[in-house]
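Working notes, beginning with the structure itself.
The values are calculated or read from the model by the stated rules, or taken from the named source; none is laboratory data. If you're wondering where the values come from, they're calculated on a predicted model, not measured in any experiment. Virtual Cβ from ideal backbone geometry, glycine too; neighbours counted across all protein chains shown. These area figures cover heavy atoms from the full protein model, side chains too; ligands, DNA and RNA do not enter into them. Shrake-Rupley method; radii C 1.70, N 1.55, O 1.52, S 1.80 Å.
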Amino acid sequence: MSAFQNANNITIHDGTINVAGRDIIFNTDTTGKLDLHKLLSPVSGASYTRPEPVARCYPGTRLKVIAEIDKWITDGGDRPILWLNGPAGSGKSAVSQTIAERYAPRIAASFFFLRGAGLRSQIQKLIPTLAYQVSVYNPAANESIIEVLKNEPDLLHGQSIQHQFQELLITPIRATRPRWIKKPKPVVVIDALDECNDKQSMATFIEAMTTICSNPGFRLPFRLLLTSRVEEHIQEQFNNPVAQSVINYLSLQSFNATDDIELYLETQLSAVYTTKKHLMIDVSLPWPSYSDLRQLSKNAAGSFIIASTLVGFIKKKMDTPQNKLEIALNMTNGLDPVYKQVIREALKENKALEQRELQILELVLAVIVILEKPLSISALGKLLNVKASSVAYALLGLQAILLIPENDHDEPVQLFHTSLRDYLCAKERSREFCINLQQNHAALAIKCLQVVVDYTTKENGLKDIAIDSYALITLKADKNCMKIIDLIQWQWDKVEKKKSKENSWEYEEKLLREKMKTTPNIFISQNYYRSGLNVDHFHVSQKISSKNKGQQ
């Protein structure tokens, strides 16, 4: 039974409703209306209007692909879903971004998944985020969403994704389209389904969408553009006979990108020649030559990400563009040779630095790869307890494969493409450059623990709450460090209880701070740092915890 069945003129003022044992908090504004932003908690930076850098089609490229999507949006017939697929680096996200910007007035909602980017990789936030965007897109949808959340307070947490899709997207968007007014359907874009961190839930979501759309007489009130790699859990759902009747299939591999990539390479490298004329004195025009352009395009193998990475490599400051071009012409096996060459050169350049600086480069690269959410240069410096300038300098040689803010150390450092993470985590591909996940998770956990402990002793004015919170969240996500966190939390709880019972809690707090200074030293050792967590260290933490609890 609906929680509000037969009720009229419902107004909820900062109330709490218990539904099947679950407290649902309804946040309202001063007028008593539901605050959908607080209720839906949409992911920021997930839509097509997210902050730069953003991949989009280079002007004059992918025209045939865009034309096909234009045709489907304008007259897609009975197939309301388009699945654009292709291999890693083929430009799927650039196409979806370009389409979203091209049809901006009709974009009701969009979500760009990104692996390793926190909430942007979680499907649980997909429907609430899209629903919030739809509520902003049209006031009529806003009222529809408020109504359904009043009637079903547990919709966001206790209902299937199929039901959420129906009630929070289909019904609200339909409410914005009166039957007597004919106007183009709005468009919803969901990019990079393969970068969602839950394969089973993503497969369930695809099945839910196609099942709803295949019902007799049903018409989806919007166009739904989806993109992804051709991965098994996704392909199985899209190849289902039920799905085939409602989906348009568009593969980027069906379009020859050679001419587009040549255009991109020619334009970009011509600009390099113009801006670096002082390094091109003995190089004749045209540069690159036609044959070199053809070879570079062939090396890119239809992948814009390879082409753009090659350009970034050639533009690097550590050598002349001509010398870099000659190296790039021999990179014939996809992105792996590019990654290998860039990392090797960066390490070579850092050999001139002190050993500590060299360790910074290796550690920062590892941390960037394994972090759940990207951090800025400033935050990386605080987390690793090194100067931000040292981090920035160490990363200079990796500009071809990392997105490094030039003027703002508070903007996040990001992977140029998620394939870099795949490369560095696969021993058979990256070999000596392979990131040891166990070892580096342990190193990151230690750094986070040091931040948490250090910040407990600082005055509020000296604290960086953001990095302190980030370190604590990262620690809690690492199961290997939960016993240390439990010990610290247990000690804090003891002090908090004493605060409420006695006036002399200051002495206990002083003891706690001293213990939090010394406790991590038991776990932090060269062996621990280099080889990762092991059973012996776990036993130590258990003994300490038991001993301290026994003293109570």
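For residue 293, what charge total do you get from the other residues with a beta carbon under 9 Å from its beta carbon, if Lys and Arg give +1 and Asp and Glu give -1?
Result for the local shell: -2.
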* Structure fact -> residue 160 neighbourhood, Cβ < 13 Å, K/R = +1, D/E = -1, net charge -4
* Separation between the residue 211 and residue 38 pseudo-spin-labels, each 7 Å from Cα along Cα→Cβ, expressed in nm? -> 3.5 nm
* Net +/- balance of residues flanking residue 41 in space, Cβ distance below 15 Å, scoring K and R +1, D and E -1 -> +2
* Structure fact -> On each of the three principal axes the extent of the alpha-carbon atoms of the range 38-254, given in whole Å and largest first, is 47, 41, 37
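Can you tell me which of 376-382, 248-254, 419-425 comes out highest on packing, and rank the rest after it, using the mean Cβ neighbours within 10 Å?
On the way: 376-382: 22.3, 248-254: 15.7, 419-425: 19.9.
Per-residue mean Cβ counts within 10 Å order the peptides as 376-382, 419-425, 248-254.
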* **Distance between modelled label sites at residue 336 and residue 276, nm, 7 Å Cα→Cβ extension** => 2.7 nm
* To do: Using the Karplus curve 6.51 cos²θ - 1.76 cosθ + 1.60 with θ = phi - 60°, work out ³J(HN,Hα) for each residue of the range 275-286 in order, rounded to whole Hz, and write x for Gly and Pro.
  => 7, 10, 4, 5, 9, 10, 4, 9, 10, 8, 7, x
* Asked: Can you pull the percent of the range 38-254's accessible area that's carbon plus sulfur, 1.4 Å probe, other chains left in place?
  -> 50 percent
* Structure fact -> Counting only DSSP beta bridges with both partners in the range 38-254, the antiparallel fraction in percent, to the nearest 5, comes to 0 percent
* **Between the range 140-201 and the range 374-437, the alpha-carbon center distance in angstrom** => 37 Å
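What size of dipole, in debye to the nearest 20, comes out for the range 38-254 about its Cα centre when the only charges are +1 on Lys and Arg C-beta atoms and -1 on Asp and Glu C-beta atoms? It would help to have the intermediate numbers written out before the result.
Numbers: 24 positive and 19 negative charges, 154 e Å.
Dipole about the Cα centre, nearest 20: 740 debye.
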* To do: Leaving ligands, DNA and RNA out of it, report the carbon-plus-sulfur percent of the accessible area of the range 257-332 at a 1.4 Å probe.
  => 53 percent
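Sort the following peptides by mean Cβ neighbour count (other Cβ atoms within 10 Å, averaged over residues), highest first: 147-158, 223-234, 44-55.
Details: 147-158: 17.5, 223-234: 19.8, 44-55: 14.7.
Ranked by mean Cβ neighbours within 10 Å, highest first: 223-234, 147-158, 44-55.
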* **Spatial separation of Cα centroids for the range 246-279 and the range 33-94, in angstrom** => 20 Å
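Please give the length that would be gained between residue 230 and residue 291 if that part of the chain were fully extended, namely 0.36 nm times their separation in residues minus their C-alpha to C-alpha distance (nm, one decimal).
Numbers: separation 61, 0.36 × 61 = 21.96 nm, distance 3.28 nm.
Extra length available between residue 230 and residue 291 comes to 18.7 nm.
Checking the a/c ratio against 1.5 first, then a/b against b/c, what shape does the Cα gyration tensor give for the range 217-286?
On the way: a/c = 4.49, a/b = 3.46, b/c = 1.30.
Here the range 217-286 falls in the prolate category.
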* To do: Quick one: check the C-alpha center-to-center distance for the range 225-245 versus the range 315-349, whole angstrom.
  => 37 Å
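Can you give the alpha-carbon Rg of the range 233-342 over 2.2 N^0.38 Å, where N counts its residues? Before the final figure, lay out each step's value.
Details: Rg = 18.1 Å, N = 110, 2.2 N^0.38 = 13.1 Å.
For the range 233-342, the normalised Cα radius of gyration is 1.38.
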* **For residue 415, distant residues with modelled amide H under 5 Å away** => 403
* Between residue 434 and residue 88, what FRET efficiency follows from the Cβ-Cβ distance if R0 is 25 Å, with the result rounded to 0.05? -> 0.85
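What does the extension gain come out to for residue 79 and residue 327, with contour length at 0.36 nm per residue minus their alpha carbon separation? Each step should come with its number before you reach the end.
Numbers: separation 248, 0.36 × 248 = 89.28 nm, distance 4.70 nm.
Between residue 79 and residue 327, full extension yields an extra 84.6 nm.
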* Asked: Taking R0 as 25 Å, what's the FRET efficiency between residue 163 and residue 54 from their Cβ-Cβ distance, rounded to 0.05?
  -> 0.15
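Highest first, please rank the peptides 211-219, 385-393 by the mean number of other Cβ atoms sitting within 10 Å of their residues. Please report the intermediate quantities before stating the final value.
Numbers: 211-219: 12.1, 385-393: 16.7.
Listed from highest to lowest mean packing, they are 385-393, 211-219.
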* To do: Multiply the residue gap between residue 198 and residue 373 by 0.36 nm, knock off their C-alpha separation, and tell me the result in nm, one decimal place.
  => 61.3 nm
* HN-Hα J couplings of the range 198-215 from phi, Karplus 6.51/-1.76/1.60, θ = phi - 60°, integer Hz, Gly and Pro as x? -> 10, 5, 5, 5, 5, 4, 5, 5, 4, 4, 4, 4, 5, 5, 4, 5, 8, 5
* Taking H placed 1.01 Å from N in the peptide plane, check which residues at least 5 places from residue 111 or on another chain put their amide H under 5 Å from its amide H. => 189, 190, 191
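How about the range 64-114: which chymotrypsin sites (Phe, Trp or Tyr not before Pro) there lie in a loop by DSSP and see at most 12 other Cβ atoms within 10 Å? Provide the component values of the computation, followed by the final result.
Working: sites: 72, 83, 103, 111, 112, 113; in loops: 103, 113.
Filter output for the range 64-114: empty list.
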* Could you do me a favour and compute the accessible area per residue for the range 257-332, 1.4 Å probe, result in Å²? => 49 Å²
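Would you mind working out the accessible area per residue for the range 38-254, using a 1.4 Å probe, and quoting it in Å²? Walk me through the intermediate numbers first.
Values: 9120 Å² over 217 residues.
Ligands and nucleic acids excluded, the figure is 42 Å² per residue.
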